[in-house]
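Please read the structure below before turning to the comments.
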Amino acid sequence: MKAFYRSALLLLLSTLPAVVLALTSAELEQIKTTIAVQYDAVDDAMLEQAYRTHLTIERPEHPLSTQLTDFDPKRASGDKERLIQVDQAPPDDGDIADFNRRPQPDERDTQRIRLRIDYDSLEPVMIRDSIITFAFQPRLLINGREDSDSRRFRGELKYDLQQQHLRQVSMNSTEPFTKLLFRVRGFEVEEHFLLAQGKLLRERYFHDMDLGNPLINASNRITMKFAYPAPLRLGLYPDLYHQNGLAE
């Protein structure tokens, strides 16, 4: 009988998330606080740091395109990010005009649609090696206000217990819905981060948006990789700073 109860107890323990067994509630709350502080500070940290990005852009009925951009916080507002290359060649006037219609990094708070983390919904799922995984409910913001279709999204993030920083955030829709005259068939966002001089910075960004209406197919898939110059020399450095004659 003792053997039976022992086996039952081991079975019960095996079904509990490893994080419940490994961390106290106080430790979990501290991790959640750190996640919130770091993630909320990313956009501001990126506005203070020079970097370059390599973008891969996929759109229906368009050839695969790549872009290289350069961001310098010392430039004037509206000119902080510049387009350097399109498909490994200097951009033409049309490329620059299209690029200038996009919001600058310091203007992205004006975007109509954004996804954010609801920190109160963070729930630990598992620990593997030094990475703890949380599930959460994303917040869909339309013009700065949370939308009822937030419930159609789910999220997951990974936090590095050893390095003590957020590693990855992913959010995706779970079912189709209609918003702002567009049918959203699928919506996925994923961000990867690195820690540099105490600041969380983006290492990689990806989104896959499948949406449109009878007149417009606005679907697109974008992968953005970041590189940081001296003294950091992180991310895709030196590839994006010492290729095709580009200077640092």
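Karplus-derived 3J(HN,Hα) values for the range 66-80, using 6.51 cos²θ - 1.76 cosθ + 1.60 with θ = phi - 60°, are 10, 9, 10, 10, 10, 10, 10, x, 7, 6, 5, 4, x, 9, 5 Hz; glycine and proline are entered as x.
The count of lysine pairs in the chain whose Cα atoms are under 27 Å apart, excluding pairs fewer than 8 places apart on the same chain, comes to 10. Between the residues GLY144, LEU234, ASN172, the greatest Cα displacement towards the positive end of the dipole of the range 17-235, with unit charges on the Cβ of Lys, Arg, Asp and Glu, is found for ASN172. Computed over the Cα atoms of the range 119-182, the ratio of the radius of gyration to the Kirkwood radius (Rg/Rh) comes to 1.08. The distance between label points at GLU107 and ASP87 comes to 2.6 nm (points 7 Å beyond Cα on the Cα→Cβ vector). For ASP118, the residues whose amide H sits under 5 Å from its own are GLN137, ARG139, ignoring neighbours fewer than 5 places away on the same chain, with H placed 1.01 Å from N.
Each 10 Å bin from zero up to the one holding the largest Cα-Cα distance in the range 88-197 carries the following percent of pairs: 12, 32, 30, 20, 5, 0.
Simple point charges give the picture: +1 on the Cβ of Lys and Arg, -1 on the Cβ of Asp and Glu, and for the chain a dipole about the Cα centre of about 740 debye.
With a cut-off of at most 14 other beta carbons within 10 Å, and DSSP calling the residue loop, which chymotrypsin sites (Phe, Trp or Tyr not before Pro) in the range 173-226 qualify? Please list them. Passing both the DSSP loop test and the Cβ count: no residue.
The 3J(HN,Hα) values that the Karplus relation (6.51, -1.76, 1.60; θ = phi - 60°) gives for the range 124-131 are, in residue order, x, 10, 6, 10, 9, 6, 9, 9 Hz. Gly and Pro appear as x. For ASP120 and GLU175, the FRET efficiency from 1/(1 + (r/R0)^6), where r spans their Cβ atoms and R0 equals 22 Å, is about 0.45. All C-alpha pair distances within the range 17-235, sorted into 5 Å bins from zero, spread as 1, 6, 12, 16, 18, 17, 14, 9, 4, 2, 1, 0 percent across the bins.
The numbers here are math on the coordinates, done by the rules we state, and not lab data. Quick caveat, the model's predicted, so the values are computed rather than measured. Counting neighbours? That spans all protein chains shown, and the Cβs are built from the backbone with ideal geometry, glycine included.
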